[in-house]
Amino acid sequence: MQSIAENDLGTPARRSDQQVTLQIDGCEVTVPAGTSVMRAAALADAKIPKLCATDQLEPFGSCRLCLVQIEGMKGFPASCTTPVAQGMKVTTQNAELAKLRRGVMELYISDHPLDCLTCPANGHCELQDMAGAVGLREVRYGYAGANHLDAPKDESNPYFTFDASKCIVCSRCVRACDEQQGTLALTISGRGFDSKVSASQEESFLDSECVSCGACVQACPTATLSEKSLIEQGQPDHSVVTTCAYCGVGCSFRAEMRGEEVIRMVPNKDGHANHGHSCVKGRFAIGYATHPDRITRPMIRASIADPWREVSWEEAIGHAASELRRIQAKYGRDSIGGITSSRCSNEETYLVQKLVRAGFGNNNVDTCARVCHSPTGYGLKATLGESAGTQTFDSVMDADVVLLIGANPTDAHPVFASQMKRRLRQGARLIVADPRRIDLVRTPHIEAAQHLQLRPGTNVALINSLAHVVVREGLVKEDFVRERCEVDSFEKWRAFVADERNSPEAMAAITGVAAEQVRAAARLYATARNSAIYYGLGVTEHSQGSTMVMGIANLAMATGNVGRSGVGVNPLRGQNNVQGSCDMGSFPHEFPGYRHVSETAVREQFEKRWQVSLLGEPGLRIPNMFEAALDGEFKGLYIQGEDIAQSDPNTQHVTAALTAMECIIVQDLFLNESAKFAHVFLPGSSFLEKDGTFTNAERRISPVRKVMRPKSGYADWEITQLLANALGLQMNYTHPREIMDEIAALTPTFTGVSYARLDELGSIQWPCNAEHPEGTPFMHVGSFVRGKGRFMVTEYVPTAEKVNARYPLILTTGRILSQYNVGAQTRRTGNVAWHDEDRLEIHPHDADERGIREGDWVGVQSRAGETVLRARVTSRVQPGVVYTTFHFPESGANVITTENSDWATNCPEYKVTAVQVTRVSQPSAWQKRYQEFSRRQESLLGAAGHAGAPKAEAPRG
Ligand code: SF4
Ligand code: SF4
Ligand code: SF4
Ligand code: FES
């Protein structure tokens, strides 16, 4: 159904160097060749009635409502499927056309319920609009004949209904699912009068292959496919453009509102990252923002054994500040620190690191990006000179070969996955390097040319063997390397990878991938016109995460695949603002803009602006904070929007460190796992309650706009400001735009960024400065940011985490589409319909050996701990490898992950844990303790009078 704010031009825009001029109803209009007559007319303000056409989908020409007359052409061509031609003369309105269109509408309406007044689409229905537009006044056929008015409703999807009685079989939904989403879940089954829309094999939407992206709902011109929220709450009356707060794709949405109530989220056609598409999370899973579990009043307590006490903001902030100062006075300046959030805005993250550096007087600030993409920052900076991805998402449409390593975009970056699938359906080739058979290996109309199903932990061995083939088979782009890269470093690297020990044949014993497959993949990647690498946490979350990122950059440089559209090195960032939190100086060694704290000139710039003296020594990383806490040296922590007790590895180690601290201040929406160890709870705000910006995986800074007042009274940036002022660090920002102005003044890559510029351009990819006033879609064009590209030698070093007789399997972890990260948000939405527990995937061979069947409870034991999950027996994983997601705290996925980490950045090695799996009949000892502790904490929350105290999620087994 139509969005309240969008104009539909009928067919998609065409790109062409050739322009065509024609006349529409006597007015001249010039458009690119290939444009439809319908779109040209819309651009000339001539509205042609339409039903089966929309500018988000290729024209189909089925409804015959858009007929026009064209001088010199016989009959009445459909304007949506007729391309413009030079000198064409088109008539869009006359008596004959009106009569024909009325006849078409009459047929549609004769088989359509006349319940407009009570229909949820009333006032926003294209069928209704078209009946008005063609001047329909009567329906001569009556309703006595055969019709579909009693066709059944499908209410199975938690978010939308399918009311078949209202379907006009225009096929827009089917095409949206095919073209936009790429799931191909819908078909028109039957013929003629019996034609109907079917999900998969005539299943309910919930049981079908549908992934609930909502593209069909948006495409539907009637109320057949309608959001349940719209049916229940009624029509919105205004909309505000904002940015999704889930993943690093950064989709732009119109929040359609009535007053302060969100009626629905509609993906923004003008969104540069998503072009009007979305996934189930961004479009539908926003119920957490108003969930009764939200804590909206500040609370304090003396110890974690005490009940929480609701207090005023003044008391909470005053208490937090005095505790932090007390701890510093007793244990020293470095005994406290802060953690920024990759879910909060750039401005909020900037303020937290400023509070730590200028208010706490140390550099003990770190972020959850430590545990995901810190190796990306390190590896790309060392080789290319900038810690970020090189491309736009749209660049994939120019790629001829896509090498996807350790990433599962259909689950973790779904809107980008849809775009990538579009390109793959057009004929681009795909190489997947992943221990697991992810969906993209084989999905409708797509089959990977190679699936390099390597053993977890052997990425570097694989990338070296790919490079070996490139070097030994003469596939290096010598000109590019000579002109653009440090030749010495290249020669050293070439000699290294050319060594026989790096050959695919030698490495096959390590990676488990057949040498011939590696050779074929290397040839495919190196010889295509444009080859692009996309990678995810399957690259970074390893003991050699940084080495692998450098290996990827080496391969791209050696084959000349950097510096233009269709190529590049593209980290798929997990959370909505993980790029931004890194950009904003969240790491202990860097100021905003990735400048080391030891650089005197940079430090002086910040000292001048902030009016304090700053330390030139890096502070503590998160794991160092835990160690220091266990050593009794680190006692106070301010955590904004992050749940380290659930998300960081080796849970028992983390919780022991948290228990050892004297003042933990948690600022969040819910009593999350970390808050159960806290002494001060500051109620945070959702993305709907504040202004700011997020930066996505393309370096795209997008506006986040407030659509409702903060439930707690303050946006997160205001809470940090209150705490800073209470600590004596003066902050007087009245709006986040002033914080962005300060960021721009202090950060060379942001000097051109302002809220005014964002309003004007919609979004901006940094660097944005005098040299690039409209931002930078492609990095390293002409030369690398560091001048010459530097090749790094990437020796494969096996992980210390070894399988043996006691722990014979390797556990690796990942995400699922419907849930997000620690699940605090998505677990509180209808998305649990698709995933209500984390399961352990195990290969049939390994399951058989252990007598494990589908759905059995299994104990997963590692050197760090033990947890119990239900088994899913599947050949998606290879023998010897098991896999789980980590969206539910009681699953305890991180009870079993170890403290091994990347040598350069301490990014945890989540992807490789040696485990044993056995059938069990009861929860693990940790799960029993967790359940007891959680119940106790919830009762202490209940004591503070919170009606919405979250229920203990019982461990299963
Ligand atoms: S919601 Fe998305 S995946 Fe499901 S049928 Fe509609 S377009 Fe297809
Ligand atoms: S469900 Fe909507 S979009 Fe799909 S065929 Fe029916 S009317 Fe058209
Ligand atoms: S793809 Fe990511 S940013 Fe886009 S709607 Fe889904 S979760 Fe939000
Ligand atoms: S809009 Fe052109 S045929 Fe339907």
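Quick grid of which residues meet (1) part of a helix (DSSP H, G or I); (2) closer than 30 Å to L722 by Cα; (3) among the acidic types (D, E):
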residue	(1), (2), (3)
N362	no, yes, no
L380	yes, no, no
K421	yes, no, no
G427	no, no, no
- Under 6 Å between Cβ atoms, at least 6 apart or on separate chains: pull out the pairs that start in the stretch 163-184 with a residue that is among the basic types (K, R) and end on any residue that is more than 14 Å from ligand 4 (Cβ to nearest atom). K166/A223; K166/T224
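Residues are listed down the side, and each one gets a yes or a no for (1) more than 16 Å from ligand 4 (Cβ to nearest atom); (2) farther than 15 Å from A121 by Cβ:
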site	(1), (2)
A133	no, yes
F160	yes, no
G192	yes, yes
C220	no, no
S226	yes, no
E232	yes, no
- Item | Residue among A46, A53 that alone is in a loop (DSSP other than H, G, I, E, B), modelled with pLDDT of 95 or more and either more than 16 Å from ligand 2 (Cβ to nearest atom) or surrounded by 21 or more Cβ atoms within 10 Å (Cβ to Cβ) (or both) | A53
- Item | Out of G641, G574, G636, sole residue that is small (G, A, S) and modelled with pLDDT of 95 or more | G636
- Which one is farthest from ligand 4 (Cβ to nearest atom), of the residues in the stretch 234-260 that are out of contact with any Ser or Thr (no Cβ under 9 Å at 6 or more places or on another chain) and assigned to a strand (DSSP E or B)? C247
- Query: Filter the stretch 194-226 for residues that are among the aliphatic types (A, V, I, L, M) and touching a residue at least 40 places away in the same chain (Cβ under 8 Å); which is farthest from ligand 3 (Cβ to nearest atom)?
  - Reply: A223
- Check whether at least one residue in the stretch 149-171 is exposed (fewer than 14 other Cβ atoms within 10 Å of the Cβ), in a strand (DSSP E or B) and of a type outside the set (V, I, T), and report yes or no. yes
- Could you please give the count of residues in the stretch 166-194 that are under 16 Å from P152 (Cβ atoms) and either in contact with a Ser or Thr (Cβ under 8 Å, 6 or more places away or on another chain) or among the β-branched types (V, I, T) (or both)? 4
- Item | Cross-chain or 6+ apart pairs with Cβ under 8 Å, the stretch 397-416 first and over 15 Å from A556 (Cβ atoms), then within 16 Å of ligand 3 (Cβ to nearest atom) and part of a strand (DSSP E or B) | A407/Y534; N408/G814; P409/Y534; D411/G814; A412/C247; A412/G814; H413/C247; P414/C247
- Note on the structure: V654 meets each of (1) out of contact with any Pro (no Cβ under 8 Å at 6 or more places or on another chain); (2) within 30 Å of T242 (Cα to Cα); (3) among the β-branched types (V, I, T) with one exception, condition (2)
- Task: Kindly list the number of the only condition in (1) buried (at least 22 other Cβ atoms within 10 Å of the Cβ); (2) within 13 Å of ligand 1 (Cβ to nearest atom); (3) in a strand (DSSP E or B); (4) polar (S, T, N, Q) that fails for Q218.
- Result: (3)
- Message: Residues that are basic (K, R), at least 2 per element: which strands (runs of 3 or more DSSP E) completely within the stretch 814-884 meet that?
- Response: 866-873
- Hey, can you tell me all the residues within the stretch 181-197 that are of a type outside the set (V, I, T) and in contact with a helix residue (DSSP H, G or I) (Cβ under 9 Å, 6 or more places away or on another chain)? Q181, G182, L184, A185, L186, K196
- Query: In the stretch 148-193, what count of residues is obtained for those that are among the small types (G, A, S) and either within 16 Å of ligand 3 (Cβ to nearest atom) or under 21 Å from G830 (Cβ atoms) (or both)?
  - Reply: 4
- Item | Flag for G103 being away from ligand 2 (no atom under 16 Å from the Cβ), within 27 Å of A215 (Cβ to Cβ) and surrounded by fewer than 20 Cβ atoms within 10 Å (Cβ to Cβ) | no
- Message: Name the residue that is surrounded by the most Cβ atoms within 10 Å (Cβ to Cβ), counting only residues in the stretch 642-668 that are among the hydrophobic types (A, V, I, L, M, F, W, C) and farther than 18 Å from T367 by Cα.
- Response: M661
- Query: Is one or more of the residues making up the stretch 83-92 touching a residue at least 12 places away in the same chain (Cβ under 8 Å), surrounded by 20 or more Cβ atoms within 10 Å (Cβ to Cβ) and either closer than 30 Å to A146 by Cβ or within 16 Å of ligand 1 (Cβ to nearest atom) (or both)?
  - Reply: no
- Task: Can you confirm whether the stretch 65-77 contains a residue that is part of a loop (DSSP other than H, G, I, E, B), away from ligand 2 (no atom under 16 Å from the Cβ), within 28 Å of C173 (Cα to Cα) and of a type outside the set (A, V, I, L, M)?
- Result: yes
- From the list E760, E795, E801, which residue is acidic (D, E), farther than 22 Å from E347 by Cα and either outside any loop (DSSP other than H, G, I, E, B) or out of contact with any strand residue (DSSP E or B) (no Cβ under 6 Å at 6 or more places or on another chain) (or both)? E795
- Message: Which condition from (1) under 29 Å from K711 (Cα atoms); (2) within 16 Å of ligand 2 (Cβ to nearest atom) is the one that S208 breaks?
- Response: (1)
- Residue tally, condition touching a Ser or Thr at 6+ places or on another chain (Cβ under 6 Å), of a type in the set (S, T, Y) and farther than 26 Å from F784 by Cβ, over the stretch 485-542: 1
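The values are calculated or read from the model by the stated rules, or taken from the named source; none is laboratory data. Bear in mind that the values here come from a model prediction, so they are computed numbers and not experimental data. Glycine gets a Cβ as well: all are built from the backbone with ideal geometry, and neighbour counts include every protein chain shown.
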